[in-house]
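Peer 1: Take a look at the following structure, please.
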Amino acid sequence: MNISVLGAGAWGTAMAIAFAAKNQVLLWGRNQSAMSAMQADKQNVAYLSGFPFPESLQITSDFATAMAHAAGPEGLLVIATSVSGLRPTLEACRAYQPKNIIWLCKGFEESTQLLPHQVAEQVLGQGVAFGALSGPSFAQEVAKGLPCALTIASKSNELSSLVVQALHVNAMRVYSSDDVVGVEVGGAVKNILAIATGVADGLGLGLNARAALITRGLAEISRLGVALGGRSETLMGLTGVGDLILTCTGDLSRNRKVGLALAQGKSLDIIVQELGHVAEGVRCAKAVRSLAQSLGIQMPITDAVAGVLFDGISLQEMISRLLARDAKQEIH
């Protein structure tokens with residue numbers, strides 16, 4: 001299959017490397033000099049150093065070339081931008097009348113509080129099959145060829161079958177789901193909870209506290225997911241509890257790193273600058289807090305994280321607020 005990956009950050013690069021084991025893959029990035037350097041170095045030194053490109057992986061900075069490569073009913077566009085870059089990328093794609101599009105980003109659009117598939121519906125309208133590829137996975141491990149399991153979520157059975165056929169290869173297992181809302185909510189909110197667990201670990205609150213945050217965080221994800229039309233069983237799978245556990249405990253997690261740095265007393269501006277990569281949980285926290293409030297959904301951990309990030313609440317106040325909550329039935 002011909003696949004064009006749009007976005008040459010760490011995640012897009014890792015996926016392009018993995019996809020190239022079975023497909024004809026073209027990796028596109030907007031920065032011409034950066035893409036020329038990747039072509040010369042045969043790796044992405046800036047974002048994923050140490051992982052050489054396979055000979056079959058092509059590199060370009062020409063958008064028209066990338067679109068032409070994945071044209072037709074058997075071609076596949078993979079958008080590997082952040083959530084904030086999804087809308088402009090889809091708008092750029094629209095003029096080329098693509099048939100099949102999936103995205104890798106996880107979060108809510110900050111300005112609209114929309115999930116990625118809702119953004120796609122606004123931009124693309126009818127006639128394009130689209131979906132989200134999500135699940136517990138770190139870029140470095142995918143590029144290394146280590147085992148991982150992902151889920152393609154789409155309302156199009158044809159697109160899901162196409163993606164599974166193309167990407168279910170070697171150490172990458174790809175499952176399908178028609179619960180796009182559930183899959184996207186799980187992928188979005190777990191990033192916020194990873195910040196919370198990073199803070200707890202950085203403050204030395206112990207493994208008991210980490211387990212409590214992950215478990216109660218899953219309850220928050222489930223409440224929001226079901227309220228938005230997702231299914232609770234989806235959130236017990238790869239894209240819910242699976243992604244949550246990985247992101248909250250794995251040292252490669254960008255969002256966990258944000259929490260750890262907050263616990264060291266660093267400001268958010270310094271953390272983002274030092275990180276050098278997008279941590280979607282930061283952008284997502286404000287949107288999810290606002291959405292939860294409008295829906296009347298209790299999400300105390302999310303609210304606490306947003307308070308620290310945007311309202312000047314101290315970490316000790318964040319912990320005190322969570323510990324001061326009234327006792328209630330666990331499952332409700």
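Peer 1: Do any strands (runs of 3 or more DSSP E) lying entirely in segment 1-112 carry at least 2 residues that are farther than 18 Å from Ile152 by Cβ, and which ones are they?
Peer 2: Where strands (runs of 3 or more DSSP E) fall fully within segment 1-112 and carry at least 2 residues being farther than 18 Å from Ile152 by Cβ, they are 24-28, 58-60.
Peer 1: Shifting gears a bit: Quick check on this structure: which one of Leu275, Leu295 is surrounded by fewer than 22 Cβ atoms within 10 Å (Cβ to Cβ) and at pLDDT 95 or above? Step through it out loud before you land on a result.
Peer 2: Values: Leu275 fails: at pLDDT 95 or above.
It is Leu295.
Peer 1: Would you check if Arg216 is open to solvent by 60 Å² or more (accessible area, probe 1.4 Å), in a loop (DSSP other than H, G, I, E, B), under 22 Å from Leu291 (Cα atoms) and not polar (S, T, N, Q)? Walk me through it before giving the result.
Peer 2: On the way: open to solvent by 60 Å² or more (accessible area, probe 1.4 Å): yes; in a loop (DSSP other than H, G, I, E, B): no; under 22 Å from Leu291 (Cα atoms): yes; not polar (S, T, N, Q): yes.
So Arg216 does not fit the description; no.
Peer 1: For segment 172-185, how many residues are open to solvent by less than 30 Å² (accessible area, probe 1.4 Å) and either in a helix (DSSP H, G or I) or within 20 Å of Asn2 (Cα to Cα) (or both)?
Peer 2: Number of matching residues: 8.
Peer 1: At pLDDT 95 or above and either surrounded by fewer than 17 Cβ atoms within 10 Å (Cβ to Cβ) or out of contact with any Lys or Arg (no Cβ under 6 Å at 6 or more places or on another chain) (or both): does that describe Ala18?
Peer 2: Criteria met by Ala18.
Peer 1: Being more than 23 Å from Ser137 (Cα to Cα), open to solvent by less than 20 Å² (accessible area, probe 1.4 Å) and in contact with a strand residue (DSSP E or B) (Cβ under 7 Å, 6 or more places away or on another chain): is that true of Ala80 here?
Peer 2: The answer is no for Ala80.
Peer 1: Would you mind finding the one in Gln118, Gln97 that is at pLDDT below 95, open to solvent by 10 Å² or more (accessible area, probe 1.4 Å) and either charged (D, E, K, R) or over 13 Å from the mean Cα position of the chain (by Cα) (or both)?
Peer 2: Details: Gln118 fails: at pLDDT below 95.
None of the other options fit; the residue is Gln97.
The values are calculated or read from the model by the stated rules, or taken from the named source; none is laboratory data. Everything numeric in this text was worked out from a predicted model, so none of it was measured. Cβ coordinates were reconstructed from backbone atoms using ideal geometry, including for glycine residues, and neighbour counts include every protein chain displayed. Side chains included, ligands, DNA and RNA excluded: accessible areas come from the protein's heavy atoms. Shrake-Rupley method; radii C 1.70, N 1.55, O 1.52, S 1.80 Å.
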